[in-house]
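The values are calculated or read from the model by the stated rules, or taken from the named source; none is laboratory data. As the structure is a prediction and not an experimental result, all values here were calculated from the model. All Cβ positions, even for glycine, are placed from backbone atoms using ideal geometry, and neighbour counts span all protein chains on display.
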Amino acid sequence: MRESLERFGRFALGTGSTLFIILGAIIFGFGVPTLWIYLASVIYGEPGAVTGSIALFIFAGIIVTYWLLLVIASWIRARVLGPEQAERETKRASWNRSLRDTPFQPGESKTDPIEKLFIATAIVSLIGLLIWFVAFAGAPFPTG
C-alpha cells in the first residue's frame, strides 16, 4: 500500500511539474509578445502599417519583460534551492571545462523546474515561429 502511494505521489508531482512547464512555456512564449503587440496597438491607435518606432517599442518591451522574468525566476530558484545546494549544484558547462577537470557524466546533474520552463519556452516559441512563418505569414519567396 505504501509503495503504491509513493508511486502515485511521484506520478502526481511529475504530472504537475510537466503541466506547470507546458502552461508556463505557452504563457511566456506567446503571452509576452501578444501583450506587447496589444499595448502597441492601443498606443498607436491607427489602422495601417506599423512604423519603425512602434516596432522598436514592441521589441524593447518584449526584451525587458523576458529580462525581468529571468530575474524573478533566478530569485525564486535561489530561494527554493537555498545557498548551500545552489553552490553545490553550480556546474560549469561542458564546453567551459578544462581537460584537467572531472569528466562530464551525462545524467549527473538534474535540471530544476524553472530551468526546464525556460528551455521549454524557447522550444515552444521557436516551433510557433516556424509554424507561423511557413503557414500564415505569406512568406515573401519568389513565386515565378
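Would you confirm, using the coordinates I've provided, whether Leu39 is assigned to a helix (DSSP H, G or I), among the aliphatic types (A, V, I, L, M), surrounded by fewer than 15 Cβ atoms within 10 Å (Cβ to Cβ) and touching a Gly at 6+ places or on another chain (Cβ under 8 Å)?
Against the criterion (assigned to a helix (DSSP H, G or I), among the aliphatic types (A, V, I, L, M), surrounded by fewer than 15 Cβ atoms within 10 Å (Cβ to Cβ) and touching a Gly at 6+ places or on another chain (Cβ under 8 Å)), Leu39 qualifies.
Could we say that Thr65 is surrounded by 13 or more Cβ atoms within 10 Å (Cβ to Cβ) and not acidic (Asp, Glu) here?
yes
Among the listed residues Phe133, Phe30, identify the single one that is within 22 Å of the chain's Cα centre (by Cα) and at pLDDT 85 or above.
Phe30
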